[in-house]
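The values are calculated or read from the model by the stated rules, or taken from the named source; none is laboratory data. Because the structure is predicted, anything quoted here is derived from the model rather than measured. Here the Cβ positions follow ideal geometry from the backbone for every residue, glycine too, while neighbour counts run over all protein chains shown. Heavy atoms of the whole protein, side chains included, go into the accessibility calculation; ligands, DNA and RNA do not. Shrake-Rupley method; radii C 1.70, N 1.55, O 1.52, S 1.80 Å.
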Amino acid sequence: MIRSTSQRAARLLREITDCDSGMALIEMAYSLPILLSLATVGTELANYATVQMQVSQLALQVADNTSRMGAGLPLASKKITETMINDVLAGADAQAGNLNLLGSQTETVNGVSRTKAKARIVISSLEPMANPNTTNRYKIVWQRCAGAATEYTPRYGTAGQTTLQGMGPAGRQVTVPDGNAMMFVEVHYRYAPLFAGEIGLVDYVDIDTVAAMLVRDDRDLSRIYNTEGAPISRC
């Protein structure tokens, strides 16, 4: 009886030792966290790159639209109005889609929550100091803004500033030919990560981009007209 029991115990022990039916489960338990981490990182980076591209394209679109503004007789200088500028800014919000340019978001960092505005768009009209512009200096004649992120201030100059060498990042400043104007656009956007908190790779960060376009038609640069009494999108 004792021998039979010990034989059965030994046989059972050999069966347990030789059994490999749980190996796949153990391997999955070890590899699943790594796979999930890689998937999370890949998804977050792809989303960040997509949003960054959207913001960059938005700046380019706003610069292009403002460079085409103007109305008037075919042979006369085109006049721009506050209504036209407001339409461009409203169109930017529509083109941005789910970026929610005019909205806000709640950010939780280290257990502290705060409400942060999503974006700010700044349009500047850069023009030569004189015509001909023998000094190669430029001025910002007017600026218009949209978006609730009012803590963002224009990085490359403000309305009324003169004797500028150009606008834009160092080494990539844009200038303007005599008798023309450059529409310079800054877009500031607050990125919200898909996976916020400790599991996230990207935190809440600012995305800032610029774009510039020369005015396409002969534009009346003397003023912005406002016969309609439209609200002015001041900065």
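Some notes on this structure:
- Net length gained if the chain between ASN98 and ALA230 were fully extended (0.36 nm per residue, minus Cα distance): 44.8 nm
- TYR48 - accessible surface, heavy atoms, 1.4 Å probe, Å² rounded to 10: 60
- Interchain or long-range residues, amide H under 5 Å from MET129's placed H: ARG137, TYR138, LYS139
- Computed from backbone phi, the HN-Hα couplings of region 38-55 come to 5, 5, 5, 4, x, 5, 5, 5, 5, 5, 4, 5, 5, 5, 4, 5, 4, 5 Hz, rounded to whole numbers (Karplus: 6.51 cos²θ - 1.76 cosθ + 1.60, θ = phi - 60°; Gly and Pro given as x).
- Of the residues ILE34, ILE80, the one with the largest accessible area comes first in the ranking ILE34, ILE80, computed with a 1.4 Å probe on protein heavy atoms.
- Partners of LYS139 within straight-line reach, counting lysines whose Cα lies under 27 Å from its Cα and excluding those fewer than 8 residues away in the same chain: LYS78, LYS79.
- Net charge in the neighbourhood of GLN95 (other residues with Cβ under 14 Å of its Cβ; Lys, Arg +1, Asp, Glu -1) is -3.
- Across region 81-188, C-alpha contacts under 8 Å between residues 6 or more apart give a mean separation that, scaled by the residue count, equals a relative contact order of 27 percent.
- Rounded to 0.05, the FRET efficiency of the LEU194 and LYS116 pair, given R0 = 22 Å and the Cβ-Cβ distance, is 0.85.
- Full extension of the segment from ARG155 to ASN136, taken as 0.36 nm per residue of separation minus the current Cα-Cα distance, would add 4.8 nm.
- Cα→Cβ-extended label distance, 7 Å offset, between ILE207 and GLN105, nm: 0.9
- In the assembled protein chains, PHE195 presents an accessible area of approximately 60 Å² (probe radius 1.4 Å).
- The Cβ shell under 12 Å around THR106 holds other residues with a net charge of +3, Lys and Arg each +1, Asp and Glu each -1.
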